[in-house]
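Engineer: Quick one: the structure is below, questions incoming.
The values are calculated or read from the model by the stated rules, or taken from the named source; none is laboratory data. Owing to the predicted nature of the structure, the values given are computational and were not obtained by experimental measurement. We place every Cβ from the backbone using ideal geometry, glycine too, and count neighbours over all the protein chains shown.
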Amino acid sequence: MVDLEKHMKKGLVERPTGAILAFADYTSKMPNMIKFTVGEPDFNTPEHIKKAAEKSIEDNHSHYAPSNGTLGLRKAASNFLAKKYDQHYDPETEIVATNGVTESIYDMLTAVLNPGDVMVIPTPIFPV
């Protein structure tokens, strides 16, 4: 097996674990802890989701999706919000799917802030 570390940038190999991952590891050792750290579920992927993923690959749905999410996903989100919360949004113009909350917050802030704007960030905050 090739020793990849000898081919990597020295500083990268010596880089310590990120603070959020270290904190998640630390809290994992606490009994009766409900963690809201890295978003890692405490259960395996359900079988129906695994099968849907396999079918999606077989149907060649393995390419980049639109940057705002597929229309099917946005429609499902719209239907969920309508049924659960009686909130109605147009999936074509009012719903965006992102790769997680960090991307969503970044997208929202870059859409409304301009150079020179001042923003107050309360703490504690989610470390990235």
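Engineer: Does Ala77 fit the bill of being within 21 Å of Asn99 (Cβ to Cβ) and either modelled with pLDDT under 95 or not assigned by TED's automatic domain parsing to the domain that holds Asn99 (or both)? Show your work before the answer.
Structural biologist: On the way: within 21 Å of Asn99 (Cβ to Cβ): yes; either modelled with pLDDT under 95 or not assigned by TED's automatic domain parsing to the domain that holds Asn99 (or both): no.
Judged against the criteria, Ala77 is not a match.
Engineer: Quick test of your reading of the structure: Gly100 fulfils all but one of (1) on the phi > 0 side of the Ramachandran plot; (2) surrounded by 11 or more Cβ atoms within 10 Å (Cβ to Cβ). Name the failing condition by number.
Structural biologist: (2)
Engineer: Of all residues in region 88-106, which are among the hydroxyl-bearing types (Ser, Thr, Tyr) and out of contact with any helix residue (DSSP H, G or I) (no Cβ under 7 Å at 6 or more places or on another chain)? Explain how you work it out, then say what you get.
Structural biologist: Step one: of region 88-106, the residues among the hydroxyl-bearing types (Ser, Thr, Tyr) are 89, 93, 98, 102, 104, 106.
Correct list: Thr93, Thr102, Ser104, Tyr106.
Engineer: One residue is enough: does region 65-77 have a residue meeting the conditions of a type in the set (A, V, I, L, M, F, W, C), in contact (Cβ under 8 Å) with a residue 24 or more places away in the chain, outside any loop (DSSP other than H, G, I, E, B) and surrounded by 10 or more Cβ atoms within 10 Å (Cβ to Cβ)?
Structural biologist: Within region 65-77, one or more residues are of a type in the set (A, V, I, L, M, F, W, C), in contact (Cβ under 8 Å) with a residue 24 or more places away in the chain, outside any loop (DSSP other than H, G, I, E, B) and surrounded by 10 or more Cβ atoms within 10 Å (Cβ to Cβ).
Engineer: Considering only region 112-128, how many residues are modelled with pLDDT under 90 and either assigned to a helix (DSSP H, G or I) or touching a helix residue (DSSP H, G or I) at 6+ places or on another chain (Cβ under 9 Å) (or both)? Can you show your working first?
Structural biologist: From region 112-128, those modelled with pLDDT under 90 are 119-128; that's our starting set.
So of that shortlist, the ones also either assigned to a helix (DSSP H, G or I) or touching a helix residue (DSSP H, G or I) at 6+ places or on another chain (Cβ under 9 Å) (or both) come out as 119, 126-128.
Qualifying residue count, region 112-128: 4.
Engineer: Residue under question is Leu81, and the condition is that it be part of a helix (DSSP H, G or I) and in contact with a Phe, Trp or Tyr (Cβ under 7 Å, 6 or more places away or on another chain); does it hold? If you could, list the steps in order and put the result at the bottom.
Structural biologist: Values: part of a helix (DSSP H, G or I): yes; in contact with a Phe, Trp or Tyr (Cβ under 7 Å, 6 or more places away or on another chain): yes.
Spelling it out, Leu81 is indeed part of a helix (DSSP H, G or I) and in contact with a Phe, Trp or Tyr (Cβ under 7 Å, 6 or more places away or on another chain).
Engineer: Another question about this same structure. Please specify each residue of region 34-44 satisfying the condition of being among the aliphatic types (A, V, I, L, M) and exposed (fewer than 10 other Cβ atoms within 10 Å of the Cβ). Before you say what the answer is, go through the steps one by one.
Structural biologist: First pass over region 34-44, keeping only residues among the aliphatic types (A, V, I, L, M): 34, 38.
Within region 34-44, just Ile34 meets the criteria.
Engineer: What residue, among those in region 84-109 that are acidic (Asp, Glu) and in a loop (DSSP other than H, G, I, E, B), is farthest from the chain's Cα centre (by Cα)?
Structural biologist: Step one: list which residues in region 84-109 are acidic (Asp, Glu), which gives 86, 90, 92, 94, 103, 107.
Then keep just the ones that are in a loop (DSSP other than H, G, I, E, B); that gives 86, 90, 92, 94.
Working: Asp86: 25, Asp90: 23, Glu92: 21, Glu94: 20 Å.
Taking the candidates together, the pick is Asp86.
Engineer: Is it true that Lys35 is in a loop (DSSP other than H, G, I, E, B) and basic (Lys, Arg)? Let's see the steps before the verdict.
Structural biologist: Details: in a loop (DSSP other than H, G, I, E, B): yes; basic (Lys, Arg): yes.
For Lys35, the condition - in a loop (DSSP other than H, G, I, E, B) and basic (Lys, Arg) - is met.
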